[in-house]
Amino acid sequence: MPAPARPAVRRALLATAGAAAAAMLLAACGPQVEPRVEPGSSVEVAWSGELTSANAASVAGRTPGNLDVAAMTRAAFATVGADGEVREDPSFGTASIVADSPLTVRYDLADGIRWSDGVPIDAADLMLAWAAASNALSTPDLELDELRGADGALELPEATVWFDTASPGGLARATEVPLRDDWARSIDVRFAQPVPDWRTALDVAVPAHVLGERVFGVSDPMEAKQRVLDAIDRADPLALSTLAAAWSTELRVDAAALDDAARISSGPYRLESVQGGRVELVANDAYVGAQLPQVERIALASTADDAAALTGLTAGELDVATIRPTDADRSAIRDLDRDDATLSTAGDGTRWELVLRADRAPLQPVEARRSFLHAIDRRGIAEAALGEAAADATSVDAVLFRPGTRVYEYALEDAGFPQAFGGADEELAAAERDALGIAAGTELCVRYDRADAFAAAAIPAMAAQAALAGWGVRDCGVDDLDEGLAQDDWHAVLRLVPAPADAAQVAERWRAGGLTAVSNPARETLLDEALATAEQDALEQTLLEIEASLVADAVVLPILEPEQLTISAAGVQGVSPRPGHASLTWNAWEWAVETP
């Protein structure tokens, strides 16, 4: 009965409130750190993004611009570096496995860490992050596609609970309410199965006290945190529906009326101003972690295009920019190089690849697919499409891994792609075709986006190469590649795709053969294993076996990874671009400005 339970509930609330108050006191007099900021230092970054939300973990908020800012303003248990390796940050907290069956991970916050408004980061923030990513407390069996409008916004019935998270990751498997230690500021998350991304899965994207204040109309931050915890502990659908809706949509950034909530940060930088497309961030003086910034002020300056970025660098108005240089840019880039600018060339995380269908004659036998792939000279295609710039392009000799990463080097040794398809061999290709009784001149319909300059230039070169081995290539370019692939008259497609960043993306692309439709039960088992392992070495070994199986099935030919050039003005140090989101700002705390 409710009445007898009240004293016990009150004791629990008092205990939690006491823990929170103690945490706040500890945070106020927490770790003393020696600032590294160089007073007056600043860096101007060419930027094409827009800041629209303080929650980059939501569907509406997960935009390139919001992710750029979140990388600077949100601390994390771990991030992925430019080399593809997970970089842990114990000064924010630790993620550690405390039980194997079921997999149980303890997310334990470091002592004394706080939001930039002085409120401690604690178990309430962790519980909110879990509830949002897992949607374990949400209304079951929602037909989200039917409820989502043309603008992408959800139109949910009253009292419906759904945190519109962009990427739940492994936390989608964590459907039990975590065990919480308010004093230690940790939670133990149980997963229904092992997951590979457990170190990076819990994204503390939204301050619980900010959300609680907005939703429940309270002004005391610790009371607001408690109200959030109450809603989660009681699985209260009325409270949770409002909380989830606010988490999903109400943390918008209005440049004309920037509120204090948008400025709150847990990372090395905090938002100071947004004006005319220009976003200014300053070093967060409440930050006590190990990722202490050195540059006092970083501005993300709205820049129209690569030409404008290069002009800004040349004029000294910009300090950092990433561009795709053209032949016309060579003189300006040479001058910047002579002025001691730092030039960093790296792949952009996408790749051009040729994918073959295995469910349509004449490519059903693996020997036929091998024959066609053996006819293709990847370097020749690059030269036809890029001209002199082909010399700077990054060749790709692995299906699943990015050049420059540790596992890519393992794949070169273990999976056999360079040995199988490293170079064209027209005589071998012709012999393999003849052995199958496939007539010389047999045509393959190759889909591509005819509006793309690379693909449009590559197809004639591919046709000329294939003809030397007795294959014909029919130009099957289309205006809408997705619509073209939905038709059934094509044999192969030349396309630009993101390189898979994790096991989930590998499975999404290659489950049931993906576009290739090749049947491989052993690979399906390996994909299941990759998604259900928490041990990094075991995961890498499984992915290498998947890579080897794709090479053996001869269904895809990676061609090259487009290059980007990042230019840092003389004296600006530490800029280390990575593929994917927040490609520049992910390590802004490591940047420095060398004074003359």
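The values are calculated or read from the model by the stated rules, or taken from the named source; none is laboratory data. Here the structure is a predicted model, which is why all the values come from computation and not from measurement. When we count neighbours, we look across all protein chains shown, and the Cβ atoms used for this are built from the backbone with ideal geometry, even at glycine. Protein only, heavy atoms only, side chains kept; ligands, DNA and RNA dropped before computing areas. Shrake-Rupley method; radii C 1.70, N 1.55, O 1.52, S 1.80 Å.
Listed by position, the strands (runs of 3 or more DSSP E) inside segment 254-342 whose residues that are among the β-branched types (Val, Ile, Thr) number at least 2 are 278-283, 295-302, 320-323. The set of residues in segment 352-410 that are more than 18 Å from GLU563 (Cα to Cα) and among the hydroxyl-bearing types (Ser, Thr, Tyr) comprises SER371, TYR410. Counting only residues that are surrounded by 16 or more Cβ atoms within 10 Å (Cβ to Cβ) and under 13 Å from ALA554 (Cα atoms), segment 516-525 holds 3 of them.
Scanning segment 311-327 for residues that are touching a residue at least 60 places away in the same chain (Cβ under 8 Å) and more than 18 Å from PRO562 (Cα to Cα) gives GLY312, LEU313, GLY316, GLU317, LEU318, ASP319, VAL320.
State all residues of segment 320-338 that are of a type outside the set (S, T, N, Q) and either modelled with pLDDT of 95 or more or buried (at least 19 other Cβ atoms within 10 Å of the Cβ) (or both); if no residue qualifies, say none.
Listed by number, the residues that qualify are VAL320, ALA321, ILE323, PRO325, ALA332, ILE333, ARG334, ASP335, LEU336, ASP337, ARG338.
Results for (1) of a type in the set (A, V, I, L, M, F, W, C); (2) within 24 Å of ALA172 (Cα to Cα), shown as yes or no for each residue.
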site	(1), (2)
PHE216	yes, no
MET222	yes, no
ARG234	no, yes
ALA239	yes, yes
ALA246	yes, yes
VAL253	yes, no
ARG270	no, no
VAL274	yes, no
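Pairs are defined by a Cβ separation below 6 Å, a sequence spacing of at least 6 or placement on different chains, a first member in segment 328-355 that is of a type in the set (Gly, Ala, Ser), and a second member that is in a helix (DSSP H, G or I) and open to solvent by less than 60 Å² (accessible area, probe 1.4 Å); the pairs so defined are ALA332/LEU310. Would segment 141-164 turn up any residue that is under 30 Å from GLN536 (Cα atoms) and under 26 Å from the mean Cα position of the chain (by Cα)? Yes, the conditions are met somewhere in segment 141-164.
Within segment 354-384, the set of residues being part of a loop (DSSP other than H, G, I, E, B), over 12 Å from VAL556 (Cα atoms) and open to solvent by less than 20 Å² (accessible area, probe 1.4 Å) comprises LEU363, ALA375. None of ARG523, ARG474, ARG509 is without any contact (Cβ under 8 Å) to a residue 40 or more places away in the chain and in contact with a Cys (Cβ under 9 Å, 6 or more places away or on another chain) except ARG474. From the list LEU444, LEU496, LEU468, the lone residue that is within 22 Å of ARG369 (Cβ to Cβ) and either among the aromatic types (Phe, Trp, Tyr) or within 28 Å of the chain's Cα centre (by Cα) (or both) is LEU496.
Cβ-Cβ contacts under 6 Å between residues 6 or more apart (or on different chains), taken from a first residue in segment 161-185 that is within 13 Å of ARG62 (Cβ to Cβ) and free of Cβ contacts under 8 Å to residues at least 24 places away in the same chain to a second residue that is among the acidic types (Asp, Glu) and open to solvent by 40 Å² or more (accessible area, probe 1.4 Å), are absent.
One line per residue, one yes/no per condition, for (1) basic (Lys, Arg); (2) open to solvent by less than 50 Å² (accessible area, probe 1.4 Å); (3) in contact with a Lys or Arg (Cβ under 9 Å, 6 or more places away or on another chain):
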position	(1), (2), (3)
ARG214	yes, no, no
ASP236	no, no, no
TRP247	no, yes, no
LEU271	no, yes, yes
VAL274	no, yes, no
ARG297	yes, no, no
ASP306	no, no, yes
LEU318	no, yes, no
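Return yes or no: is THR242 touching a Leu at 6+ places or on another chain (Cβ under 9 Å) and open to solvent by 60 Å² or more (accessible area, probe 1.4 Å)?
no
Take the residues of segment 50-64 that are open to solvent by 20 Å² or more (accessible area, probe 1.4 Å) and part of a loop (DSSP other than H, G, I, E, B): which is farthest from ALA315 (Cα to Cα)? Across segment 50-64, the extreme among qualifying residues is VAL59.
Being under 26 Å from the mean Cα position of the chain (by Cα) and of a type in the set (D, E, K, R) is the filter here, so list the residues in segment 231-285 that pass it. Across segment 231-285, the qualifying residues are GLU250, ARG252, ASP254, ARG263, ARG270, GLU272, ARG278, GLU280.
Within segment 138-160, can you find the residues that are in contact (Cβ under 8 Å) with a residue 12 or more places away in the chain and open to solvent by less than 70 Å² (accessible area, probe 1.4 Å)? Give the derivation first.
Applying the first criterion (in contact (Cβ under 8 Å) with a residue 12 or more places away in the chain) to segment 138-160 yields 138-139, 142, 144, 152-154, 156, 158-160.
Hits for segment 138-160 are SER138, THR139, LEU142, LEU144, GLY152, ALA153, LEU154, LEU156, ALA159, THR160.
Does any residue of segment 65-81 turn out to be at pLDDT 95 or above, within 15 Å of the chain's Cα centre (by Cα), within 19 Å of ALA174 (Cβ to Cβ) and open to solvent by less than 40 Å² (accessible area, probe 1.4 Å)? Checked segment 65-81: at least one residue is at pLDDT 95 or above, within 15 Å of the chain's Cα centre (by Cα), within 19 Å of ALA174 (Cβ to Cβ) and open to solvent by less than 40 Å² (accessible area, probe 1.4 Å).
The set of residues in segment 531-557 that are surrounded by fewer than 22 Cβ atoms within 10 Å (Cβ to Cβ) and outside any helix (DSSP H, G or I) comprises ALA532, THR533, ALA534, GLU535. Just the residues that are assigned to a strand (DSSP E or B) and surrounded by fewer than 20 Cβ atoms within 10 Å (Cβ to Cβ), please, taken from segment 96-109. SER96, ILE97, VAL98, ALA99, ASP100, THR104, ARG106 - these are the residues of segment 96-109 that are assigned to a strand (DSSP E or B) and surrounded by fewer than 20 Cβ atoms within 10 Å (Cβ to Cβ). Given the condition of a type in the set (Asp, Glu) and over 28 Å from the mean Cα position of the chain (by Cα), answer yes or no: does some residue in segment 399-414 qualify? There is no residue in segment 399-414 that is of a type in the set (Asp, Glu) and over 28 Å from the mean Cα position of the chain (by Cα).
Would you say LEU126 is open to solvent by less than 10 Å² (accessible area, probe 1.4 Å) and closer than 22 Å to VAL59 by Cα? It is true that LEU126 is open to solvent by less than 10 Å² (accessible area, probe 1.4 Å) and closer than 22 Å to VAL59 by Cα.
Checking THR104, THR79, THR73 one by one, the residue that is β-branched (Val, Ile, Thr), in contact (Cβ under 8 Å) with a residue 40 or more places away in the chain and under 17 Å from ARG263 (Cα atoms) is THR73 and no other.
Please work out if ALA570 is of a type in the set (Gly, Ala, Ser) and either in contact with a Ser or Thr (Cβ under 9 Å, 6 or more places away or on another chain) or without any contact (Cβ under 8 Å) to a residue 24 or more places away in the chain (or both).
Against the criterion (of a type in the set (Gly, Ala, Ser) and either in contact with a Ser or Thr (Cβ under 9 Å, 6 or more places away or on another chain) or without any contact (Cβ under 8 Å) to a residue 24 or more places away in the chain (or both)), ALA570 qualifies.
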